[in-house]
Amino acid sequence: HPPPVPRAVTTHPQPELKAVRPAVLFADKKFSPQEVGITLARLISWAGRFTIAGGSKAGRLDVFYAELAHRIHKGELKTYATLLEAAQDTIPNDGEFKVFFQQARVKVGKTARYYLRCLENAATGLKEPAYVVNEDPGAVTLEHVMPQTYCQDLPYTKQDVETHSSRLGNLALLQGSKNVQID
């Protein structure tokens, strides 16, 4: 099928997880404890993908997750691997996700922090990161690479600032003490 057309995506404060509850509950009853842990982590990842790149698929998530829950309950899906295989055509693939992610805008600082921490964990390959989430904005600041407001002294146009300043790719987490040294 043709590549997805990027659209300006503004993420919600957090991925919507209500629709996934039936699948989680049945997986908890039917899967091994190890499979439950894997499944829960992956379902959260799926929610993030749907938030960024779900497009028209997002409107059908209740039905999608209900069908998966039913198949888990019936014993058709017994592991995360079988669950993933059953869901493969609905979950945004890596290519779709990357295209939409490039355009993703995050206006809620807590959500941007969450995404940036997840990206850092994935990039470093840490399954159990050594650092703890620090919600203190003074200790870990959310910085804009391109400023949020237009200034004639910078090499950006007003349109550049409007287009790019709230994109996730324009944001970075920085230790508060290092940020003070930069300013």
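The values are calculated or read from the model by the stated rules, or taken from the named source; none is laboratory data. All values reported here derive from a predicted model rather than from experimental measurement. Note that each Cβ is placed from the backbone with ideal geometry, even for glycine, and that neighbours are counted across all protein chains shown. Remember, those area values only see protein heavy atoms, side chains included, never the ligands or the DNA or RNA. Shrake-Rupley method; radii C 1.70, N 1.55, O 1.52, S 1.80 Å.
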Give, in nm to one decimal, the length gained when the segment between Thr149 and Gln102 is fully stretched (0.36 nm per residue of separation minus the Cα-Cα distance).
14.9 nm
Just reorder Asp62, Asp153 by solvent-accessible area, largest first, 1.4 Å probe, all chains present.
Asp153, Asp62
Rounded to the nearest 10 Å², the accessible area of Arg60 using a 1.4 Å probe with every protein chain kept is 140
Sequence of Phe101, Phe50 from largest to smallest accessible area, 1.4 Å probe:
Phe101, Phe50
Could you list, in their original order, any pairs among Lys107/Lys178; Lys30/Lys110; Lys74/Lys98; Lys18/Lys98; Lys29/Lys110; Lys18/Lys74 whose Cα atoms are separated by more than 30 Å?
Lys30/Lys110; Lys74/Lys98; Lys29/Lys110
Kindly provide the GluC sites (Glu not before Pro) of region 56-100 that DSSP labels as loop, not H, G, I, E or B, and whose Cβ sees at most 14 other Cβ atoms within 10 Å.
Glu76
Treat each spin label as a single point 7 Å out from the Cα along the C-beta direction, and report the Cys118 to His164 distance in nm.
2.5
